[in-house]
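Colleague: Below: one structure in structure tokens.
The values are calculated or read from the model by the stated rules, or taken from the named source; none is laboratory data. This is a predicted model, so every value here is computed, not measured. Cβ placement follows ideal geometry from the backbone for every residue including glycine, while neighbour counts extend to all protein chains displayed. These area figures cover heavy atoms from the full protein model, side chains too; ligands, DNA and RNA do not enter into them. Shrake-Rupley method; radii C 1.70, N 1.55, O 1.52, S 1.80 Å.
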Amino acid sequence: MALVKTGVVVLDCAEPEKLAEFYKELLDADEVHVTANRVEIRSPDGTQLALRRDVNATPPSWPRPENSLQAHLEFEVTDLDAAERLVVSLGGRPTETTDATGAFEERSFADPAGHSFSLRRAVPQGPKMG
């Protein structure tokens with residue numbers, strides 16, 4: 001048995017309740033724990049996020065070098081266009097205007113508090129051959 005296991009990804013923000021609403025809608029998640037300074041959510045696939053109050057939080061400035069990206073979230077989707085419409089309707093904003101090239105189609109966004117995340121088209125998994 002592992003001594004340490006994965007816990008929860010925590011995003012600092014000025015208004016955790018408001019940011020939790022964005023991610024609850026985006027991930028079809030439920031609140032699992034709420035305190036005065038933290039809201040934890042869990043999606044149906046088990047993804048856990050915590051939004052923690054930091055009244056001095058400033059959004060990352062990625063792709064600018066000052067206060068740039070420290071980490072970002074990546075979500076898999078089957079329909080990039082529909083997922084982008086959902087993100088924008090919930091208050092997120094695109095940070096890149098073109099699709100990434102390469103093996104994966106991906107689009108970058110910022111949540112309402114400015115945290116970076118990506119939507120990546122899920123690669124269909126077919127049965128193994130041979």
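Colleague: Could you go through the range 17-29 and let me know if any residue there is at pLDDT below 95, assigned to a loop (DSSP other than H, G, I, E, B) and not basic (Lys, Arg).
Modeller: no
Colleague: Sticking with this one: Report, ordered by the first and then the second residue, all pairs with beta carbons closer than 8 Å, sequence separation of six or more or different chains, a first member in the range 9-36 that is open to solvent by 70 Å² or more (accessible area, probe 1.4 Å), and a second member that is part of a helix (DSSP H, G or I).
Modeller: Pairs that qualify, where the first residue is open to solvent by 70 Å² or more (accessible area, probe 1.4 Å) and the partner is part of a helix (DSSP H, G or I), are GLU25/LEU86; ASP30/LYS24; GLU31/ALA20; GLU31/LYS24.
Colleague: Further, regarding this structure: Consider VAL34 against the criteria (1) hydrophobic (A, V, I, L, M, F, W, C); (2) modelled with pLDDT under 95; (3) more than 16 Å from the chain's Cα centre (by Cα): it satisfies all of them except one. Which criterion is unmet?
Modeller: (2)
Colleague: Of the residues in the range 59-102, how many are under 13 Å from the mean Cα position of the chain (by Cα), at pLDDT below 85 and small (Gly, Ala, Ser)?
Modeller: 1
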